[in-house]
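**Q** One structure follows; several queries about it will come next.
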Amino acid sequence: MKNVTDLELSSEAMLRMGKSAVEAVVNHIINLPHAPRSNLDESLEVVKSLREPPPENGTDFESILDLFMKKVIPVSINTPHPAYLGYIPGGGLYPSAVADFLGAATNRFVGAWFAAPAAARLETNVLEWFAKWMGYPESTRGILTSGGSLATFSALVAARKHLLSEDISRGVVYASDQTHHCVMKVALLAGIPEQNIRLLSVDKNFRAFPDQFERAIKTDMKKGKKPFFLVGNAGTTNTGAVDPLPDLAEVAKKFGLWYHIDAAYGGFFNLCKEGKKVLRGLEQSDSIVLDPHKGLFVPYGSGSLLVKDGELLRSSHMLTAEYLMDHLTPEGEVSAAEYSPELSRSYRGLRVWLPLKLFGVKAFKENLAEKLDLTKWMYKRFLEEPGFECMNVPELTVITFRYRPKKGDVEEFNRKLLAYIVKSKRLFLSGTLLRGEFVMRVCILSFRTHQAEVEEAFEIIKNAAH
């Protein structure tokens, strides 16, 4: 037979490769404070230079690593930077990256319990911890997903199966107009007609009106439609607003709807005392989405879903095949594929389990409480500084604001102000529209962001505006 290229590296080569990669990453993290907050100036040119056909022959690892660290990573928004205050920061804990390496290198199949029972148990531990933190009962089952979108999809599919059966065309979904767009997206993907998605207006604090939900449900019932899915927000992306969760629970219960809470951003604040006050009512939902890549600071690609009656999640996702029939899951254990659209997937639970074991839950409680305190400090500074106005009273860690110049168009000024700040590469913020008006946003969530970074950020914004 012809000689075949050996894809298994020697132990020496593996150690060299690992050492080079770790050194490059550690150097990158150490130098984060000195790096640009964003760098997209030459993105099209760099992207064009990276287009290539598949290589017929290999290249040495050092050259590949050099290309990645010097040409690919720098051309980006620097999301792990402590001065990244745009969108919803994540951070990206280094121990989670080590967990990903361990999971990928050992390459166990975690989609089915029988293939890696101990590895599956670690993921189940994580989901059971989440359920306890949210006040959910032992009947809860859940899944770890790529993010909030897929988690919401599975929740809606479970509700559809339970409440609509085959009559999808009559099903109606209700949410406020501040709800993340993934809810609308997954409703459409789940076969709900676009005309059956209700996005209802909010109050002056950008929170849902329960009475509006009730009126909309009654109207649809009179038209012969089937209301079945009601969404409450525990921290919207735009303003961090938390809907009146107990009141929405009452509406859902009154009319027999599935009550789903989007807590992708805000849910983990339930770990700390101040957050728990704001998030009262999480436990009254039928399902809840949580993103560890937000409130637990792990890398992107980490979402989760909890369903209070786990059997409803299983019955809407469970299928079997001849080649899997001999493998049963013991009572009390969980085979992830029975609750999820996925069979084959990465070992997501390890990237959450390892840092929780390493640092302990107390460390995460402290970091989340710190972010709430930092937000209060910055909000107070905006109120004190002439010319600035805030559009929301922050309930979690999002502040929306704008500057009112003494003359000229307010929106044009603020759009230019945001562009100027981002272009300076000293701070990254994002903007949004609230009631049709452009405003800027600050979201404080990274574990690397502390008092010094927030003070510097405020000074940058203030000086740029004046």
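Every read-out reported here was derived from the displayed coordinates using simple, explicitly stated rules and does not represent laboratory data. What you see is a predicted model, and the numbers here were worked out from it, not measured in a lab. So basically every Cβ, Gly included, is an ideal-geometry build from the backbone, and we count neighbours across all protein chains shown.
**Q** Name the aspartates and glutamates eligible as straight-distance cross-link partners of Lys462: C-alpha to C-alpha under 16 Å, and not fewer than 8 places from it in the same chain.
**A** List returned: Glu384, Glu385, Glu389, Glu453.
**Q** What Kirkwood radius, in Å to one decimal, follows from the Cα pairs of segment 101-360?
**A** For segment 101-360, the Kirkwood estimate is 18.7 Å.
**Q** Right, another one. Can you sort His466, His28, His81 from fewest to most other Cβ atoms within 10 Å of each residue's own Cβ?
**A** His466, His28, His81
**Q** Pull up all non-local amide H partners of Thr145: gap of 5 or more, or a different chain, and H-to-H distance under 5 Å with H placed in the peptide plane.
**A** For Thr145, whose amide H was placed from the backbone, the distant partners under 5 Å are Gly303, Ser304, Leu305.
**Q** How would Thr79, Thr145, Thr320 line up from fewest to most surrounding beta-carbon atoms within 10 angstrom?
**A** Taking fewest neighbouring Cβ atoms as first place, the list is Thr320, Thr79, Thr145.
**Q** Here's another thing I want to ask about it. Using bins 20 angstrom wide from zero, how does P(r) for the chain break down, in % of all Cα pairs?
**A** Per 20 Å bin, starting at zero, the Cα-Cα P(r) for the chain comes out as 22, 52, 25, 2, 0 percent.
**Q** Identify all aspartates and glutamates with a Cα-Cα distance to Lys70 below 13 Å; exclude those on the same chain that are fewer than 8 residues away in sequence.
**A** Within reach: Glu62.
**Q** For segment 11-78, just say rounded, prolate or oblate: build the C-alpha gyration tensor, square-root its eigenvalues into a ≥ b ≥ c, call rounded for a/c under 1.5, and beyond that prolate if a/b exceeds b/c, oblate if not.
**A** Because a/c hits 1.5 or more and a/b fails to exceed b/c, segment 11-78 counts as oblate.
**Q** Between Glu42 and Phe438, what length in nm is gained on full extension when 0.36 nm per residue of separation is reduced by their alpha carbon distance?
**A** Net length gain for the segment: 139.9 nm.
**Q** Okay, moving on. Once the convex hull of the C-alpha atoms of segment 362-465 is built, how many Å³ does it hold per residue, rounded to a whole number?
**A** For segment 362-465, the hull spanned by Cα atoms encloses 94 Å³ per residue.
**Q** So how do Arg351, Arg435 line up by other beta-carbon neighbours within 10 Å, fewest first?
**A** Arg435, Arg351
**Q** Go through Lys204/Lys380; Lys48/Lys423; Lys276/Lys425; Lys273/Lys380 and tell me which ones have a Cα-Cα distance over 26 Å in this structure.
**A** Lys276/Lys425
**Q** Quick check on the chain: helices-only [θ] at 222 nm, where DSSP H runs of length 4 and up contribute -39,500 (n - 2.57) each and the sum goes over total residues. Nearest 500, please.
**A** The helix contribution divided over the chain gives -13000 deg cm²/dmol.
**Q** Additional query: Report the charge-dipole magnitude of segment 161-309 in Debye, nearest 20, computed about the Cα centre from +1 at each Lys and Arg Cβ and -1 at each Asp and Glu Cβ.
**A** It works out to roughly 220 debye.
**Q** Stretched out fully, how many nm does the piece from Thr59 to Glu311 gain, at 0.36 nm a residue minus the Cα gap?
**A** 85.7 nm
**Q** Computed FRET efficiency, Cβ-Cβ of Leu7 and Asp203, R0 51 Å: what is it to the nearest 0.05?
**A** 0.30
**Q** Mind checking which lysines have their C-alpha under 24 Å from Lys161, skipping anything on the same chain fewer than 8 residues away?
**A** Once the sequence-local lysines are set aside, what remains near Lys161 is Lys185, Lys218, Lys222, Lys223, Lys225, Lys226, Lys253, Lys254, Lys308.
**Q** Still on this model: Between segment 74-120 and segment 177-224, how many Å separate their Cα centres?
**A** Spelled out, the Cα-based centre of one part sits 33 Å from the other.
**Q** Which whole-Hz couplings ³J(HN,Hα) result when phi for each residue of segment 15-32 is put into the Karplus expression 6.51 cos²θ - 1.76 cosθ + 1.60, θ = phi - 60°, listed in order with x for Gly and Pro?
**A** Those phi angles translate into 5, 5, 4, x, 4, 5, 5, 5, 4, 5, 5, 4, 4, 4, 5, 4, 8, 3 Hz.
**Q** Note down the relative contact order for segment 101-360 as a percent, whole number, built from C-alpha pairs under 8 angstrom at least six residues apart.
**A** Reported as a whole number, the value is 29 percent.
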